[in-house]
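Asks: Pasting in a structure now, in structure tokens, and then I'll have a few things to ask.
All of the numbers you see were taken from the coordinates with simple rules; none came from a lab. A quick note: this is a predicted structure, and the numbers were derived from the prediction, not measured. Every residue, glycine among them, receives a Cβ derived from its backbone with ideal geometry; neighbour counts consider all protein chains shown.
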Amino acid sequence: MTDSLSNSTRRRFLGNITTGLMGVGLSHLLGQDSVIARSSGGNAWNAGSGYTHFKPRAKRVLQIFCPGAASHMDLWEHKPALEKYDGTAMPGEENLVSFQGKNGPLMKSPWEFKPAGQSGKMISSMMPHMAKHVDDIAFFHGMQSKTNTHGPGCVFVNTGHPTEGFPSAGSWISYALGSMSDNLPTYVAIPDIRGEPPNGKANWSNGFLPAKHQAIIMAAHQPIRNLNKPDKISEQEERGTRDLLRFFNQNHAALRPEESDLQARIGAYELAGKMQLSAPEVRDFQSEPEHIHKLYGTDSKNRLKAAYGRNCLLARRLLERGVRYVNLFCASRASGVDGLLNWDAHKTLKADYDRHIPVFDQPTAALLTDLKQRGMLEDTLVLWTTEFGRMPTCQEGTVGRDHNPDGFTLWMMGGGVKPGISYGATDDFGRRAIENPTTIWEFYSTVLHILGLDYNQLSWYHNGLDRRLTDVHGHVIKAVLA
């Protein structure tokens, strides 16, 4: 009897072990499928389910990025003192040495500033189309960066960290809120026809988040490769092949739940199948009426303007079809120091911006106008960003401006944003932020708040730390909220 009891106990023990291990494995698999965001306060919430911490003011984001450090005092922030003291030394910094060397005297903007909108906001006369939108924009004139180098600066503005390896803002939003479309990506990056920005794909990387949260690259000038099936393969044959492949993939992935790259690749292949129908349609600009093409300038004789205009039109079509986050780039990597490919105007500011501003002005304004006319601005948050600003002086021996991380401008408009205001300011010359200095961490704290997310609670445990888009900083700037 003792032996029987002993055997029964052993069988029960072994059975319990088996059941317990199965439970552990199942729990782990479910944990991979329903990723849990960790909060610094210890409270967990389901990421990717559309859950928000409070009622969102917007549900999608368009982020326009101008690589090369677009000059704030030549575009957005009028500085009459630069006109008055043009050609004289900057008080207190007569022998200033900045990123590329010694600075010369103060240099006024080559273009006149004019009042625009009901608010009378002073804006560069080179942007007559953007001037029509100033009453809808909240300008952040007191921005500051932690770096004065393009690569780290671009990555800092796009990820909240000046080094590579961290998730972009779009990846964080993809992770937190998930997809709004079954047949299009959650997050799309649209590079300029001139090339990728400094540090390239690090600007839209998933970092340490699961790989599926990295942006998918799409552009009007860049066809999606391998999208269409060969003519000799029938629909039925392709469907059966997909089903069989999905069966093998799911079984393979179930044995390797910790490999997010594998999960992302399977998801990407399945999305690619759906995009065989959706992607050609979203890039079919022939369905757009002629007045839309004229609005965006896609018919422009300026090749760069027409290409950027088509990318702006693509951005609108992606947003209206449920893409959660779109990164739209206007310009690319630096080309030496001549400012040919981006806004990095070290030697010849006027000649450089005479090229760049017409490319940017009409198509960007058209995109904003189109979103507003369609009622999409009510729940779309628009961001305009660049990595830092420019010096109010000219570089010694040139008619260009050097890098300035101590004061520059970014802006927001759309859902949740108070229209027609300016928050913060630089000094009389545009050299340093002196009123409500703001970092990208406060900027993104506010972005997350508008999307219904608490920046302190959106985190991912990585290398022993709860990592956040806003690092260990940030606060919501309530003055810009509607």
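Asks: Excluding residues on the same chain fewer than 8 positions from Lys55, give the aspartates and glutamates whose Cα lies under 15 Å from its Cα.
Replies: The reachable aspartates and glutamates, counting only those whose Cα sits under 15 Å from Lys55, are Glu378, Asp379, Asp454.
Asks: How do Phe65, Phe429 line up, fewest other C-beta atoms within 10 Å first?
Replies: On the way: Phe65 24, Phe429 19.
Neighbour counts put them in this order, fewest first: Phe429, Phe65.
Asks: Can you give me the Cα centroid spacing of the stretch 169-184 and the stretch 97-117 in angstrom?
Replies: Computed from Cα coordinates, the inter-centre distance equals 39 Å.
Asks: Now for a separate question. Over 22 Å between C-alpha atoms is what I'm after, so list which of Lys372/Lys418; Lys108/Lys418; Lys102/Lys350; Lys212/Lys232 land there.
Replies: Lys108/Lys418; Lys212/Lys232
Asks: Sort the following peptides by mean Cβ neighbour count (other Cβ atoms within 10 Å, averaged over residues), highest first: 398-406, 461-469, 309-317. Write out the running numbers ahead of the final one.
Replies: On the way: 398-406: 22.7, 461-469: 16.0, 309-317: 24.2.
Put in order of decreasing packing, that is 309-317, 398-406, 461-469.
Asks: Write out the trypsin sites (Lys or Arg not before Pro) in the stretch 165-257 meeting two conditions: DSSP loop, and at most 16 other Cβ atoms within 10 Å of their Cβ. It would help to have the intermediate numbers written out before the result.
Replies: Working: sites: Arg194, Lys201, Lys212, Arg225, Lys232, Arg239, Arg242, Arg246; in loops: Arg194, Arg225, Lys232.
Answer by residue number: Arg225, Lys232.
Asks: Moving on to the next point. For Phe443, Phe360, what ranking results if the residue with the fewest other Cβ atoms within 10 Å of its Cβ goes first?
Replies: Details: Phe443 22, Phe360 26.
Lowest to highest Cβ neighbour count: Phe443, Phe360.
Asks: Something else now. Report, in debye and to the nearest 20, how large the dipole of the stretch 273-411 comes out about its Cα centre when Lys and Arg carry +1 and Asp and Glu carry -1 on their Cβ.
Replies: Working: 19 positive and 18 negative charges, 71 e Å.
Result for the stretch 273-411 is approximately 340 debye, rounded to the nearest 20.
Asks: Which of the GluC sites (Glu not before Pro) found in the stretch 72-103 are in a DSSP loop and have at most 13 neighbouring Cβ atoms, other than their own, within 10 Å? Don't skip to the answer; put the middle values down first.
Replies: Details: sites: Glu77, Glu83, Glu93, Glu94; in loops: Glu77, Glu93, Glu94.
The qualifying sites are Glu94.
Asks: For the stretch 359-405 and the stretch 208-223, compute the distance between their C-alpha centroids and round to whole Å.
Replies: 23 Å
Asks: If you rank Thr147, Thr163 by fewest surrounding Cβ atoms within 10 Å, what's the result?
Replies: Sorted ascending by nearby Cβ count, the order is Thr163, Thr147.
Asks: Between the alpha-carbon centers of the stretch 234-258 and the stretch 428-450, tell me the distance in whole angstrom.
Replies: Rounded to whole Å, the Cα centres lie 48 Å apart.
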